[in-house]
Structure formats: structure tokens, C-alpha cells
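The values are calculated or read from the model by the stated rules, or taken from the named source; none is laboratory data. None of these values were measured; they are calculated from a predicted model. All Cβ positions, glycine included, derive from the backbone under ideal geometry; neighbour counts span all protein chains shown. What goes into the accessible areas is simple: the full protein's heavy atoms, side chains included, and nothing from ligands, DNA or RNA. Shrake-Rupley method; radii C 1.70, N 1.55, O 1.52, S 1.80 Å.
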Amino acid sequence: MSGSSQDADIVVVGLGAWGACALWQLARRGARVIGVERYGLAGPHGSSYGESRMFRTACLEHPGLVPLAQRSRHLWQELERDSGAHLLDATGAMLIGPPDGRIVGGALRAAKEHGLDIEVLEERELRRRAPAHDGLAPGDIGVVEPAGGLTLPEMTIRAAVGAARSAGAEVLTETRVVALEFTGSGVAVHTATGRVLRAGQAVVTAGPWLSQLVPSLPLEVVRMPTTWFTPARPHGRFTLRRLPVFMRELDGGDVIWGHGVLPGGTELKLGLEDGGRHFATVDIESVDRSVSPADWSVLAKHLAGAVPGVGEAPTRAVANVYARTPDGQFVIGRPGRDARLLVAGGCNSHGFKHSTGIGEVVADLALGKEPAVPLGFTDPDRF
Ligand SMILES: Cc1cc2nc3c(=O)[nH]c(=O)nc-3n(C[C@H](O)[C@H](O)[C@H](O)COP(=O)(O)OP(=O)(O)OC[C@H]3O[C@@H](n4cnc5c(N)ncnc54)[C@H](O)[C@@H]3O)c2cc1C
């Protein structure tokens, strides 16, 4: 595919979850590919950090994402086989709130449109099945997706990069890409170490840094804390089995999310969804990585009524970041239809569950194939 003067067919810039999966998919199909990561693999700087992520196919964010999540589940199983790692735990996923609300209403719509296997729990049954949830509003229901559950971000990145390496990919870590220079025949990827990688095209999967390299994309970076709580008194209602991964819309519209204690652990993970009203947009190069009570004051107030008994302050917290687009959907494709550039970003904090599927779509597009899942609504030129 590439001329002999090129170092690779494709350079993948940024090896978070999406870039790692794109690298894996490209390498296993025989593309000559180099992956470049600014930091070490699976570190705390980007969006793919924090040990767990919710997996569900009832995609309330856009019905068109359901096939992508379904394909992703299948590819996760392939990655588990390729890597020998256990990466997706189908312990069930639960969405709670008013039936016509954004969370439950959106999930019901997606489930109906795609005939998904879900269970609807009326309030009484919901209380019985997930007793840690208190203060339910009258009429709140639960939607359980038995095949949903938890995915593991850091392990997924390591597994995908490992599988890509085994399939022949070159991987450069601690290497920052500082510029993309487009030439007649491809792209020169300039790195801070002075090495220039020449390739037919660049795939930019730089998460919250994406618009540094592709400034035409209208991305904002949001700082979003993640917090873990340790109940003073451990209780069966806080185990993962009784408190599976959830999103819950509260009276007033705020959404909390999290999951119970993993086997062998002591902490619950609980957080507040941004919803566009809680967390600040930041400059990714100067974002404050320290955390303070201001980061969990709204969450703590909600938890006192909604999930009581978990403690007033987290025992662990980190400041995560993610990239937001004006319409809440991803940007995947070729800006300006340029054959030398492909982007995948703008995760809007709901993109991890699609990582393996996005890796495949990116590989399809890069290799000139019809994407396995149609994602026209993510066209980067739509703004
Ligand atoms: C707190 C939080 C909770 C979330 N919960 C969920 C959930 O439950 N379910 C779900 O599906 N999704 C969830 N998400 C979203 C999900 O985590 C992201 O969609 C996913 O991790 C996006 O990964 P990414 O590869 O696009 O970005 P990143 O993981 O940020 O990867 C980008 C990579 O590019 C590298 N990079 C940047 N610039 C350069 C450069 N110039 N040169 C070289 N490398 C560079 C970075 O170092 C980084 O490693 C959540 C997000 C957050 C923040």
C-alpha cells in the first residue's frame, strides 16, 4: 500500500481506547501501522482512565449507536480471545428514572427500535433488586439490560496495543506529535523527539487534545471528576451484584452514575454526569489535576438521599477530562474529505463502550471499505 519512502501506511496519533482499538484493527488486517502516544500507555491524562466503564447497547444518546455497541460487544470478545484478558463483565446494567425522562425514555426508545433484550422493573421490584437506591421519585422505573455490565479501560488499551504489536504494529510511547504536515503523497507526522514519520495518512484519535492537531473541529474540553466511596459499614446492598452499574436520573434532571463494590474490593464508584451544567470547560494543557471538595459537593448532596450510607466524602478521586461537541455526538471521518486525514474523537463522555467498534470503523474508512456500521451522523463536516 505505501511507497517505499514511507515509514508506514498509517500513523495512529493517540493511543487511548479509540486509538488502541484502531491500531489493533489496522494491524490485524495487515496495514503497516505506527501508533504514537504522548504519555505512557493507559495513564491518567486522557478520557480512558478510572478502572471501569459502563457497557450497554441501549444507547439513549442516539439510536444509530445501538448497532455500534452490539458490534463492539462482539469485537470485545475477539479482543479477549486475542489477548487472553478478561475485559467485559456482563454483570447487567441498570437505568433508572421517570419512564419519559432522558435516561430511561432514551433507553426504552433505543430498545424498542432495535428489539433489545431488556427488563422493565416497576418501583417495588426495583427497590427489591437494587436496595441501595433510595429516595426514588413516584413513578420511577428501572430498565435492566442483562447483557450490559462493566468494561475495563486500562486493560482494554493494554490488550489492544499488545494485540496490535503481535500483528506487527510499531508503537512509540512518551512521544508527542507536534504537527501534521500534509504533502502531495501523504502526511509527515512530526514528533517532539525530532523523529518525522512519513505515511499515506494519519488517524488522529487524540481525545481531548484532538483540536490541537485538527483545529477545524469544534471541540470543548470538560474536566469531570471521578470519585470512589468506602461505606463505613460494608453492606450486601453495596456489592456489584446488588448494585450493578447504573445511571439514574433524579428529580430535577441531574444524573448520577456508578456501580457497587467489585469482588475483593472495598469501594463503590459514584459520580455525577456533566449534563452541561456542572463541570467547567478547560484548557487541556493547563487543566487542574488536583481535586477538592468543590468537585463532589453536588454529588454528595444527591447521594445522601439517593444512595445513603456510602459516606460523605470520597476516599479516592481523580480529575478526568473529555471532549464535547455541540450536538453531543462523536466526530468520526475525514474532515474536508481529505484522504490523508481521519479523525475519531468528541466522545462526549459516552464513547468507551464503542471503542472496539470505532476501531473497526476507523480501519474500514482508512482502508477504503464501507464501514461495518453506518455512522453518517458522526461526520466531522456536519457543523
Ligand atoms: C469520568 C468519565 C466517565 C466515563 N464513563 C463512561 C462510561 O461509563 N461508558 C462509556 O461508554 N463511556 C464513558 N466515558 C467516555 C469514555 O471514557 C471515552 O469515550 C473514551 O475513553 C475515549 O477515549 P479516546 O481514546 O477517545 O480518548 P483518550 O483516552 O483521551 O485518548 C487520547 C490519547 O491521545 C493521546 N494524545 C493526545 N495528544 C497527543 C499527541 N499530540 N501526540 C500523541 N498522543 C497524543 C493522549 O495522551 C491519550 O492517551 C467516560 C468518560 C469520563 C471522562
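Suppose each label sits 7 Å from its Cα in the direction of the beta carbon; what would the Ala179-His235 distance come out to in nanometres?
6.0 nm
Considering only protein heavy atoms, what per residue accessible area in square angstrom results for region 143-208 with a 1.4 angstrom probe? Display every interim value, and only then the final one.
Details: 2420 Å² over 66 residues.
Result: 37 Å² of accessible area for each residue.
Rolling a 1.4 angstrom probe over the protein chains, ignoring ligands and nucleic acids, what is the accessible area of His302 in square angstrom, nearest 10?
50 Å²
When DSSP assigns beta bridges and you keep just the ones with both residues in the chain, what percent turn out antiparallel, to the nearest 5?
Values: 47 of 67 bridges.
Counting only bridges with both partners in the chain, antiparallel ones make up about 70 percent.
Rank Asp7, Asp140, Asp251 by accessible area, highest first, at a 1.4 Å probe radius? Could the numbers behind the result be given before it?
On the way: Asp7 65, Asp140 10, Asp251 135 Å².
Per-residue accessible area, sorted high to low, gives Asp251, Asp7, Asp140.
Quick one: accessible surface of Met155, probe radius 1.4 Å, all protein chains present, in square angstrom to the nearest 10.
Around 80 Å² of this residue is reachable by solvent.
Determine the per residue accessible area of region 1-138 with all protein chains present and a 1.4 angstrom probe, expressed in square angstrom. Walk me through the numbers before you get to the answer.
Details: 5610 Å² over 138 residues.
It amounts to 41 Å² per residue over region 1-138.
Towards the positive end of the charge dipole of the chain, with charges on Cβ (+1 Lys, Arg; -1 Asp, Glu), say which of Gly168, Val66, Trp209 has the farthest Cα.
Of Gly168, Val66, Trp209, it is Gly168.
For the chain, calculate the relative contact order in percent as a whole number, restricting contacts to Cα pairs under 8 Å that are 6 or more residues apart. Could the numbers behind the result be given before it?
Values: 883 pairs, mean separation 89.8, N = 383.
Once divided by the residue count of the chain, the mean separation gives 23 percent.
Near Lys112, which aspartates and glutamates are there with a Cα under 16 Å away, not counting those fewer than 8 places off in the same chain?
Glu61, Asp100, Glu145
Give the value in nm², to one decimal: projected area of the alpha carbon convex hull of region 130-220, averaged over all directions. Let's see the in-between values first.
Values: hull surface 44.7 nm².
Value for region 130-220: 11.2 nm².
Using the Cα centre as the reference, give the magnitude of the dipole from point charges on the C-beta atoms of region 224-335 (Lys, Arg: +1; Asp, Glu: -1; all else neutral), rounded to the nearest 20 debye.
On the way: 12 positive and 12 negative charges, 112 e Å.
In total the dipole reaches around 540 debye.
How many angstrom separate the Cα center of region 333-380 from the Cα center of region 1-43?
With region 333-380 and region 1-43 each reduced to a Cα centre, they are spaced 14 Å.
So what is the calculated 222 nm ellipticity per residue for the chain, using -39500 (n - 2.57) for each DSSP H run with n of 4 or more, over all residues, to the nearest 500 deg cm²/dmol?
On the way: 8 runs with 90 residues, N = 383.
Rounded to the nearest 500, it is -7000 deg cm²/dmol.
GNM, the chain, Cα, under 10 Å: largest mean-square fluctuation among Glu145, Glu220, Glu113?
Highest fluctuation among the options: Glu113.
Give the Debye-formula value of log10 I(q)/I(0) at each listed q (0.12 Å⁻¹), with one equal scatterer per alpha carbon of region 19-135, two decimals each.
-0.62
Roughly how big is the chain's charge dipole about its Cα centre, with Cβ charges of +1 (Lys, Arg) and -1 (Asp, Glu), in debye to the nearest 20?
Using Cβ point charges on Lys, Arg, Asp and Glu, the chain gives about 560 debye.
Cα atoms only: what Rg and Dmax, in Å, come out for the chain?
20.7, 67
Return the aspartates and glutamates within reach of Lys301: Cα separation strictly under 18 angstrom, same-chain partners fewer than 8 residues apart disregarded; answer none if there are no such residues.
Asp134, Glu249, Asp251, Asp254, Glu273, Asp274, Glu312
Quick check of the Kirkwood formula: for region 197-341, what is the inverse mean of 1/r over all pairs of different Cα atoms, in Å?
Details: mean 1/r = 0.0574 Å⁻¹.
Kirkwood radius, region 197-341: 17.4 Å.
Any idea which of Val120, Ala85, His133 is furthest toward the positive side of the dipole for region 29-136, if Lys and Arg beta-carbons carry +1 and Asp and Glu beta-carbons -1?
Going by the Cα projections, it comes out as Ala85.
Leaving ligands, DNA and RNA out of it, report the carbon-plus-sulfur percent of the accessible area of the chain at a 1.4 Å probe. Before the final figure, lay out the partial values.
Numbers: 7790 of 15230 Å².
Looking at the chain in its full context, I get 51 percent from C and S.
Answer with one residue from Val245, Leu341, Leu303: the one whose Cα lies farthest towards the positive end of the charge dipole of the chain, charges on Cβ with Lys, Arg +1 and Asp, Glu -1.
Of the candidates, Val245 comes out farthest on the positive side.
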